[in-house]
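The values are calculated or read from the model by the stated rules, or taken from the named source; none is laboratory data. In this text, all values refer to a predicted model and were calculated from it rather than measured experimentally. As a convention, Cβ positions derive from the backbone with ideal geometry for all residues, glycine included, and neighbour counts pool all protein chains shown. Accessible surface is based on the protein model in full, side chains and every heavy atom, while ligands, DNA and RNA are left aside. Shrake-Rupley method; radii C 1.70, N 1.55, O 1.52, S 1.80 Å.
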2 protein chains.
Amino acid sequence: MATGDTDKEASDVSKEEAAGLANMSPPVALCALYLTAITIGTLLLSMPFAQSQPVDLGDAFFTSVSATTVTGLTVVATGESYTLFGEAVIAVLMQVGGLGLIVFAYPLIAFLNENDGGAKVSLLQTELGRPNVRGIGKIARKVILVALIVQTVGAAILALHWVPQEGWYGVWRSVFHSIAAFNNAGFDLQGNSFQDYTDLPQVTLPLAALFIMGGLGWLVLLELGNLRSGKGLSVHSRLMLASTLVLLAAGMLMFAATEWSNPATLGGLADDGERLVAALFQSATTRTAGFATLDFGAMRQETGFASTVLMFIGAGVGSTGGGVKVTTAAIVLLATIAFFRHHREPSVFGHTITREKLFAALAALCASGMIVVTGVFALMLTQDAGFEALMFEAVSAFGTVGLSQGATGALDRVGQAIVMALMFAGRVSPLFLAYFLMAPKHAPDCEGSAHIHIG
Amino acid sequence: MATGDTDKEASDVSKEEAAGLANMSPPVALCALYLTAITIGTLLLSMPFAQSQPVDLGDAFFTSVSATTVTGLTVVATGESYTLFGEAVIAVLMQVGGLGLIVFAYPLIAFLNENDGGAKVSLLQTELGRPNVRGIGKIARKVILVALIVQTVGAAILALHWVPQEGWYGVWRSVFHSIAAFNNAGFDLQGNSFQDYTDLPQVTLPLAALFIMGGLGWLVLLELGNLRSGKGLSVHSRLMLASTLVLLAAGMLMFAATEWSNPATLGGLADDGERLVAALFQSATTRTAGFATLDFGAMRQETGFASTVLMFIGAGVGSTGGGVKVTTAAIVLLATIAFFRHHREPSVFGHTITREKLFAALAALCASGMIVVTGVFALMLTQDAGFEALMFEAVSAFGTVGLSQGATGALDRVGQAIVMALMFAGRVSPLFLAYFLMAPKHAPDCEGSAHIHIG
Ligand SMILES: [K+]
Ligand SMILES: [K+]
């Protein structure tokens, strides 16, 4: 009983905290909070003691947006331009930006919906498979705990390599990259990402494990953690894990097939083992992490194009990654296959995918596509770089990936503004979708159904 | 009564004719028929008396595929390489390919479905809003009649310009381009399309009228013809006409905005009026007709990119054009807007768009996208040309548009095969979709609905 009361109190306090935001719709509130983090980050990064070489306000702003949206595109080299304090600010922004959406978004929706009436919160609970708002608060705390444990373990493993080499700075390098990896944020202190680490699997494999875990999403992570209790995996988690495996394998095959003989990338590595590890790493990182062991500017154009597709797909729902999300892409693909197999409705693992989900997936795909197309067009109108590099840049920004074929540094202020807008849209769009998915629907005032011919 | 009997007989004869195809599914039967037309075309174009300069078998094959799929991509200049006989073969192939799908596909589905049972044909009749198979046969005859009348009038108007200049050959030039225009087939006898005709609206405007009409689709054309009878327009026709106007205006604005100051295109024209007409013509032609009054190889890269979007959208259902179709794109856009407006279902002009339509639209979009992405990737893997030109080429082929930034001539045999496959897929895909839309659906064997998170 005592425990129950304490929980209730905690819940009431949290409700009060959220009350100030209650007049905003949840997506607007989330945007406001991200903008606040970005502003604070910009101010801190503009302080002289944050900079080891001069960084102007515009570049500090870009860095703050890139870190808070966990993208990792950079206009100045992080390690060279910022002091330890500046780097710590970036690490905090990555943590806030990466975990913020996860631990904050769902409770926020729940709180605001509860203020608004019971019907909606129960819809949310169905989505989450959890009993009540208090439960959601518990989940948030659990997610933070899991994230911190995983990052600590990751940093410790990385420290085994870096501390013997660099002493105390090796500790910081391990912590920074563990945070960057789990949050799929793509920032690095080396200046050329991990291009000098192709022969060091003791660094690249822990990094890959961290960003793959971060990219699965907390729903999947918590279920995996509960496996021992015999609960089994939900359809969502099974679809997410299966799709991730397929994407990892397909991406690895693609990188190997297109770059094996390219002396500037895989072809330049020492042996086949190193090539395979690099292909796997690149397959994993391209969907959203943004680390690179290979030079994307030197890759063949077909690799760049296929990478664009991977970047657009992105990572998991409720993860630290971006893109239209793996399960969205999987649902669209399953629906297409089902349509051409004469199925009335698509299904996955013996469960139907409802029309509501298809409606939302279509909206997510179309909205994302239009944002990217508009971004690419705007970049081409205003920037001098080539189509290939600008398209890569736009998709990388919207997918909060952070890979670049080299266009970022050549952007003028207008180009930087477009890329910042794409990064921001890419990071907050999942909450917009979640909100519109859960919000109450009203039927349009219609005479009947329209006979419209398609295809 | 006598009339009724005659119709019944005609219907029985047609049924017998179709019986041989009855063991094939309709899409396979249509593919077989297109392949037959392509084969006959290739043989005829390979005859010495069809050629005024040597054309090898591979190039004749490519020409036949391009004409039958009403695309208009060419590896040899039509006017220079083929005799009047060869040009006539191309004209017949364009006519068969353009009208074939329209007048043949729907009756074929109806006949085959009727052999199969009554339930499906009534579904088809709902789609067409017509009472029975006999009615569909009548529609087919009406469509052919309308097409021939429009093409004759078009040729007569074009002859007013060309006959005074060229005498008898002017008659042929008028007939050929009227056929090419109405069928959105993109072939021309000049060798550089209509780049020398920017100051001749008496040629370009009738051409634009022809290919816009051909691109609306027979459903819309027949309804427009019936307007006097006071029947009004269906939701499909209203959506198609409204969307076409929006696309024409948006495309014109886009071409004007991006190319106005480009001396190699609009900037090189004599005055603003000529520029506006050229921008309008290019807006209309890019979605599927494939004629060009401007050099697409000399356009800015942002124009090429925006053109790719227009080519992918394409023309109307049941039209001589390709692409994912205007109404498909419109439904997807309306659905996306409705989703973000909290509507339970999207609607258009006060009529709901059913979930079945959304399912089909999603499948159409996803399948088309995957075909194009695969095509672009295959071209990049095997051809030397740049990303921009190859992407343009692939979308142009799949959208059966026929515009090129110059890559067609540089394709090797493998590249030609990829482009031919894209053209073929682009032309027959609408029937596949129509068939799968109409075919009976079976429910998947499921336990319940899946809770999958998207976005
Ligand atoms: K990233
Ligand atoms: K065409």
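Working from label points 7 Å from Cα in the Cα-to-Cβ sense, the A:LEU333 to B:VAL146 distance is 4.1 nm. Close amide H pairs (under 5 Å, H built 1.01 Å from N) link A:GLY322 with A:ALA315, residues at least 5 positions away or on another chain. Across the residues of B:363-372, average count of Cβ atoms on other protein chains within 10 Å? Per-residue shielding by partner chains comes out at 5. Please name whichever of B:GLY191, B:LEU57, B:LEU145 sits farthest to the positive end of the charge dipole of segment B:11-438, dipole taken about the Cα centre and charges placed at Cβ: Lys and Arg +1, Asp and Glu -1. After comparing all options, I get B:LEU145.
Whose Cβ in chain A comes nearest the axis that rotates A onto B, and by how many Å? Axis relating chain A to chain B; nearest Cβ residue and distance: A:ARG355, 2. For segment A:348-379, the residues whose amide N sits under 14 Å from a probe point set 7 Å from the Cα of B:ARG300 along the beta carbon direction are A:377-379.
Taken residue by residue and averaged, Cβ atoms of other chains lying within 10 Å of the Cβ of B:343-351 number 6. One chain, two ends: A:LEU224 and A:GLU356. Fully extended at 0.36 nm per residue, the span grows by 44.8 nm beyond their Cα-Cα distance.
To the nearest 100 Å², how much accessible surface do chains B and A cover up together, summed over both, with a 1.4 Å probe?
Values: alone 21010 and 21060 Å², together 34040 Å².
Chains B and A together bury roughly 8000 Å² of accessible area.
Projecting 7 Å from Cα along the Cα-to-Cβ direction, the label point of A:GLN202 sits 8.4 nm from its equivalents in the other copies, listed shortest first.
In order along segment A:36-48, phi translates into HN-Hα couplings of 4, 4, 5, 5, 4, x, 4, 4, 5, 5, 7, 5, x Hz, rounded to whole numbers, per the Karplus curve 6.51 cos²θ - 1.76 cosθ + 1.60 with θ = phi - 60° and x for Gly and Pro.
Take B:THR152, push a point 7 Å out from Cα through the beta-carbon direction, and compare it with the same point in every other copy: 8.8 nm, smallest first.
For segment A:137-268, the square roots a ≥ b ≥ c of the C-alpha gyration tensor eigenvalues yield an a/c of 1.5 or more together with a/b not exceeding b/c, which makes the shape oblate. Less than 5 angstrom separates the built amide H of B:VAL348 from those of B:ILE353, all sequence-distant by 5 or more or on a different chain. Taking R0 as 51 Å, what FRET efficiency do you get between B:ASP196 and A:GLU166 from their Cβ-Cβ distance, rounded to the nearest 0.05? Plugging the Cβ-Cβ distance into 1/(1 + (r/R0)^6) gives 0.15. At the listed q of 0.07, 0.11 Å⁻¹, the Debye profile of segment B:11-438, built from one uniform point per Cα, gives log10 I(q)/I(0) equal to -0.32, -0.82.
The coefficient of translational diffusion for segment A:361-420, derived via Stokes-Einstein from the alpha carbon Kirkwood radius under 37 °C and 0.692 mPa s, stands at 286 µm²/s. Couplings 3J(HN,Hα) for segment A:333-350, derived from phi with the Karplus relation 6.51 cos²θ - 1.76 cosθ + 1.60 (θ = phi - 60°), are 5, 4, 5, 5, 4, 4, 4, 7, 10, 6, 7, 5, 9, x, 9, 9, 6, x Hz, where x marks Gly and Pro. Averaged over the residues of peptide A:329-339, the number of Cβ atoms from other protein chains lying within 10 Å of each residue's Cβ is 5. Between A:ASP272 and B:LEU253, the simple spin-label model (points 7 angstrom out along Cα→Cβ) gives 5.7 nm. Solvent exposure of segment B:261-338, expressed per residue, is 23 Å² of accessible area, with all protein chains present and a 1.4 angstrom probe. Modelled label positions at B:ASP412 and A:LEU205, each set 7 Å beyond Cα in the direction of Cβ, lie 4.0 nm from each other. Distances between placed amide hydrogens fall under 5 Å for A:GLN51 paired with A:THR83, all partners being 5 or more residues away or on another chain. Here the peptides A:144-154, A:251-261 are ranked by packing, the mean other Cβ count within 10 Å, and the order with the highest first is A:251-261, A:144-154.
With its label point put 7 Å out from Cα toward Cβ, A:PHE349 sits 4.4 nm from the same residue's point in the other copies, in order from shortest.
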